[in-house]
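Working notes for the structure below.
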Amino acid sequence: MFPVGRLDVATEGLLLLTNDGDLAQRLTHPSHGVDKEYLAEVDGGAVAQGKLRALRDGVQLDDGVTAPAHVSQPSPGVLRLTIHEGRNRQVRRMCEAIGHPVHRLVRVRIGTVHDRTLPPGKWRELDQGELTALIEAVGARGTPVDS
């Protein structure tokens, strides 16, 4: 089995597993631009517009500047971030860089796959439409769809 990305010990949420190593690599590699969406509860209350802009422009981390993120603030102290890079602890480091450390982080979407009804610790197989959308998103049309 191959995981599509990783979650650190303090992060919860969606994790995809596949027996297709090529598909896992394509979904994970930033060159394919597959979005990963997170909800981050951050310290410090409401995040100022200038700091949100910094996340949208790219943040300087110790391993270089991040690609721009899509960011919204659905409520004070809660950020919805969409990235496609997947560096180690990237969302946590980005939020810390703007002065708002994360105290809870949940990955809610990979590409087009999300499931708000799936309880923590449970799993399900992707339906054919979800699998096809992931394959098409990375240009892996030659990949068997029964993976």
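The values are calculated or read from the model by the stated rules, or taken from the named source; none is laboratory data. Computed from a predicted model, the values in this text were never measured in an experiment. Methodologically, a virtual Cβ is constructed for each residue, glycine included, from the backbone with ideal geometry; neighbour enumeration extends over all protein chains shown.
Answer with yes or no whether residue 67 is small (Gly, Ala, Ser), in contact (Cβ under 8 Å) with a residue 12 or more places away in the chain and either part of a loop (DSSP other than H, G, I, E, B) or farther than 18 Å from residue 4 by Cβ (or both). It is true that residue 67 is small (Gly, Ala, Ser), in contact (Cβ under 8 Å) with a residue 12 or more places away in the chain and either part of a loop (DSSP other than H, G, I, E, B) or farther than 18 Å from residue 4 by Cβ (or both).
Based on what the data block shows, is residue 23 within 18 Å of the chain's Cα centre (by Cα), in a strand (DSSP E or B) and not charged (D, E, K, R)? No, not satisfied. Here residue 44 meets each of (1) touching a helix residue (DSSP H, G or I) at 6+ places or on another chain (Cβ under 7 Å); (2) small (Gly, Ala, Ser); (3) modelled with pLDDT under 95 with one exception, condition (1).
Residue-by-condition table, conditions (1) polar (S, T, N, Q); (2) exposed (fewer than 14 other Cβ atoms within 10 Å of the Cβ):
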site: 5; (1), (2): no, no
site: 8; (1), (2): no, yes
site: 14; (1), (2): no, no
site: 19; (1), (2): yes, yes
site: 26; (1), (2): no, no
site: 31; (1), (2): yes, yes
site: 36; (1), (2): no, no
site: 43; (1), (2): no, yes
site: 49; (1), (2): yes, yes
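Condition check ((1) modelled with pLDDT under 90; (2) over 30 Å from residue 46 (Cβ atoms)) across all residues:
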position: 92; (1), (2): no, no
position: 99; (1), (2): no, no
position: 102; (1), (2): no, no
position: 108; (1), (2): no, no
position: 117; (1), (2): no, no
position: 125; (1), (2): no, yes
position: 135; (1), (2): no, yes
position: 139; (1), (2): yes, yes
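Is there a residue in the range 41-60 that is in contact with a Lys or Arg (Cβ under 7 Å, 6 or more places away or on another chain), of a type in the set (A, V, I, L, M), under 23 Å from residue 7 (Cβ atoms) and touching a residue at least 12 places away in the same chain (Cβ under 8 Å)? No, there is no match, as no residue in the range 41-60 is in contact with a Lys or Arg (Cβ under 7 Å, 6 or more places away or on another chain), of a type in the set (A, V, I, L, M), under 23 Å from residue 7 (Cβ atoms) and touching a residue at least 12 places away in the same chain (Cβ under 8 Å).
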